[in-house]
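Enquirer: Mind having a look at this structure? Questions to follow.
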Amino acid sequence: MKKTFYNLIIVSALIGLIFSFAGCTASSEKKESAQIFALDTVIDITAYGDKATEAVYSAKAEIYALEKLFSVTDTDSDIYRINASQDEFVKVSEDVYALTEKAVNLHTITEGNFDITLYNVLKLWGFTAKEYNVPSDEDLKAVLDKSGVDKVVLGSDNYICITKDCALDLGGIAKGYIADKASDAMKAAGAEYGIISLGGNIRTFGEKPDGENWIIGIRHPDANEPFITVITKECSVITSGAYQRNFEKDGTVYHHIINPETGKPSDSDAVSVTIIGKDGALCDALSTAVFVGGTEYAENLHSHIPDFEYIILDKDKNVYASEGLKGQIELTEKYQKTNIVYK
Ligand code: AMP
Ligand code: MG
């Protein structure tokens, strides 16, 4: 008989954004784990099954390969080449073309809150070089005028062109996409099931023994501990929060998620947004967009696109969650008094 126990398998290293607990691990079952640093993030990979070692190797290879395509700083990457070749078409990989196309479509779906053309805005704030600065409204306006997805031209045959002084940053969607691809690579290598954690992004895959669920803990923005857990099968659980990257100047905290209308860190009522669903790239983009838009926006978006569920912690420490999560989320012991409002 298989032994059942709760086993803390990931406490996301360094920043500990999401916590994951795996229920039911057979002691005889082969398990392989690895921790790597890529995509500016500590990444934990775990696979189970006879092919677990091969699977983890495949996931690592996939992550490194995709990082080389999506990096904004690696001079050989597709994104770097697009940004360096303004007003000229650049041939890119299928991955970069497909994700850029999806991101451009998501700009419309999110009513403009998700925008991959904010690289120069993020640069003004110093988020790209980690040399922080509060830009003037004039400088922001000048950069915003040259940004926008209407400056991205998707040609045929995987050619992309951006107009002068526009630059792409897929940082709000790439990790969700890469987690899906790494999971697919692990499945293809023969893993039975597993989990991958990229900072605030968790992706589980496969069927656990006896059909058991995964239990994913979501970090409280003010404490390195989970405030709520999500009980789920194969899916992505992706969190955006101001606490993930920010700086303080003259008593004000400026974070890395930008309202595309103002070019400034967004100021909605959300302090942490988690999106749960099958499509990691979609969940990742929506976590960013909902962080910009806030709770009412989430409710409205959800009524148009039912392919995701959400959990939002707002500034008053209330939890808003989509109704589909009823019975699937639980407050942790310390946060039992928190109010959950289902929408
Ligand atoms: P996430 O952690 O998924 O919310 O992504 C945040 C990252 O996405 C930032 O570090 C930026 O690279 C990028 N970003 C910031 N604001 C936006 C936005 N409004 N739309 C799309 N990407 C953004
Ligand atoms: Mg995102």
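Enquirer: Kindly check whether there is at least one residue in the stretch 24-34 that is touching a strand residue (DSSP E or B) at 6+ places or on another chain (Cβ under 6 Å), at pLDDT below 95 and either open to solvent by less than 20 Å² (accessible area, probe 1.4 Å) or not in a loop (DSSP other than H, G, I, E, B) (or both).
Expert: Checking the stretch 24-34: at least one residue is touching a strand residue (DSSP E or B) at 6+ places or on another chain (Cβ under 6 Å), at pLDDT below 95 and either open to solvent by less than 20 Å² (accessible area, probe 1.4 Å) or not in a loop (DSSP other than H, G, I, E, B) (or both).
Enquirer: Would you confirm, using the coordinates I've provided, whether ALA185 is within 23 Å of VAL42 (Cα to Cα), open to solvent by 10 Å² or more (accessible area, probe 1.4 Å) and more than 13 Å from ligand 1 (Cβ to nearest atom)?
Expert: Answer is yes for this residue.
Enquirer: In addition: All but one of (1) away from ligand 1 (no atom under 16 Å from the Cβ); (2) surrounded by 14 or more Cβ atoms within 10 Å (Cβ to Cβ); (3) under 25 Å from ILE202 (Cα atoms); (4) of a type in the set (Ser, Thr, Tyr) hold for THR163; which doesn't?
Expert: Of the numbered conditions (1) away from ligand 1 (no atom under 16 Å from the Cβ); (2) surrounded by 14 or more Cβ atoms within 10 Å (Cβ to Cβ); (3) under 25 Å from ILE202 (Cα atoms); (4) of a type in the set (Ser, Thr, Tyr), the odd one out for THR163 is (3).
Enquirer: Next question. Under 8 Å between Cβ atoms, at least 6 apart or on separate chains: pull out the pairs that start in the stretch 102-120 with a residue that is open to solvent by 20 Å² or more (accessible area, probe 1.4 Å) and end on any residue that is at pLDDT below 95 and in a helix (DSSP H, G or I).
Expert: Once the first residue is open to solvent by 20 Å² or more (accessible area, probe 1.4 Å) and sits in the stretch 102-120, its partners that are at pLDDT below 95 and in a helix (DSSP H, G or I) give ILE109/HIS304.
Enquirer: Is there a residue being in contact (Cβ under 8 Å) with a residue 12 or more places away in the chain, within 30 Å of SER197 (Cβ to Cβ) and in contact with a Phe, Trp or Tyr (Cβ under 9 Å, 6 or more places away or on another chain) anywhere in the stretch 131-138?
Expert: Checked against the condition, which is being in contact (Cβ under 8 Å) with a residue 12 or more places away in the chain, within 30 Å of SER197 (Cβ to Cβ) and in contact with a Phe, Trp or Tyr (Cβ under 9 Å, 6 or more places away or on another chain), the stretch 131-138 yields at least one hit.
Enquirer: Name the residue, out of SER136, SER93, that is over 21 Å from ASP180 (Cβ atoms), of a type in the set (Gly, Ala, Ser) and out of contact with any Cys (no Cβ under 7 Å at 6 or more places or on another chain).
Expert: Result: SER136 is the single residue among SER136, SER93 that is over 21 Å from ASP180 (Cβ atoms), of a type in the set (Gly, Ala, Ser) and out of contact with any Cys (no Cβ under 7 Å at 6 or more places or on another chain).
Enquirer: On the basis of being under 25 Å from THR108 (Cα atoms), open to solvent by less than 70 Å² (accessible area, probe 1.4 Å), touching a Cys at 6+ places or on another chain (Cβ under 7 Å) and not basic (Lys, Arg), does ILE305 make the cut?
Expert: no
Enquirer: Which residue pairs have Cβ atoms closer than 7 Å, lie 6 or more positions apart in sequence or on different chains, and pair a first residue in the stretch 267-291 that is more than 9 Å from ligand 1 (Cβ to nearest atom) and open to solvent by 10 Å² or more (accessible area, probe 1.4 Å) with a second residue that is among the small types (Gly, Ala, Ser) and assigned to a helix (DSSP H, G or I)?
Expert: SER268/GLY293; VAL271/ALA242
Enquirer: Moving on to the next point. Go through the stretch 102-137 and report how many residues are within 15 Å of ALA167 (Cα to Cα) and charged (D, E, K, R).
Expert: Counting residues in the stretch 102-137 that are within 15 Å of ALA167 (Cα to Cα) and charged (D, E, K, R) gives 2.
Enquirer: Which of the residues spanning the stretch 185-224 are acidic (Asp, Glu) and free of Cβ contacts under 8 Å to residues at least 40 places away in the same chain?
Expert: Across the stretch 185-224, the qualifying residues are GLU207, ASP222.
Enquirer: May I ask you to say which residue of LYS51, LYS68, LYS146 is more than 14 Å from GLY171 (Cβ to Cβ), touching a residue at least 60 places away in the same chain (Cβ under 8 Å) and of a type in the set (D, E, K, R)?
Expert: LYS51
Enquirer: Let me ask something additional. Please list, ordered by residue number, the helices (runs of 4 or more DSSP H) wholly in the stretch 108-215 having 1 or more residues that are within 16 Å of ligand 2 (Cβ to nearest atom) and under 24 Å from the mean Cα position of the chain (by Cα).
Expert: Qualifying helices (runs of 4 or more DSSP H): 119-124, 174-188.
Enquirer: Among residues belonging to the stretch 329-343 that are touching a strand residue (DSSP E or B) at 6+ places or on another chain (Cβ under 9 Å) and part of a loop (DSSP other than H, G, I, E, B), point out the one that is most open to solvent (accessible area, probe 1.4 Å).
Expert: LYS337
Enquirer: Among (1) closer than 24 Å to THR128 by Cα; (2) more than 12 Å from the chain's Cα centre (by Cα), which single condition is ALA289 missing?
Expert: Here ALA289 clears every test but (2).
Enquirer: Can ILE311 be described as of a type in the set (A, V, I, L, M, F, W, C), closer than 22 Å to ALA179 by Cα and away from ligand 2 (no atom under 13 Å from the Cβ)?
Expert: Yes.
Enquirer: Among the residues of the stretch 225-247, is there at least one that is under 29 Å from SER33 (Cα atoms), within 13 Å of ligand 2 (Cβ to nearest atom) and among the charged types (D, E, K, R)?
Expert: Within the stretch 225-247 (the criterion being under 29 Å from SER33 (Cα atoms), within 13 Å of ligand 2 (Cβ to nearest atom) and among the charged types (D, E, K, R)), the answer is yes, since at least one residue qualifies.
Enquirer: Only one of (1) closer than 15 Å to GLY241 by Cα; (2) in a helix (DSSP H, G or I) is not met by ASN300, so which one is it?
Expert: Tallying (1) closer than 15 Å to GLY241 by Cα; (2) in a helix (DSSP H, G or I), ASN300 fails exactly one: (1).
Enquirer: Output the number of the condition that ALA84 fails; it satisfies all remaining conditions of (1) touching a strand residue (DSSP E or B) at 6+ places or on another chain (Cβ under 8 Å); (2) without any contact (Cβ under 8 Å) to a residue 40 or more places away in the chain.
Expert: Evaluating ALA84 over (1) touching a strand residue (DSSP E or B) at 6+ places or on another chain (Cβ under 8 Å); (2) without any contact (Cβ under 8 Å) to a residue 40 or more places away in the chain leaves (1) as the failure.
Enquirer: Quick one: in the stretch 1-23, of everything that is under 17 Å from the mean Cα position of the chain (by Cα) and at pLDDT 50 or above, which residue is nearest to PRO209 (Cα to Cα)?
Expert: SER20
The values are calculated or read from the model by the stated rules, or taken from the named source; none is laboratory data. Everything quoted here is computed from the prediction, not taken from an experiment. When we count neighbours, we look across all protein chains shown, and the Cβ atoms used for this are built from the backbone with ideal geometry, even at glycine. Accessible surface is based on the protein model in full, side chains and every heavy atom, while ligands, DNA and RNA are left aside. Shrake-Rupley method; radii C 1.70, N 1.55, O 1.52, S 1.80 Å.
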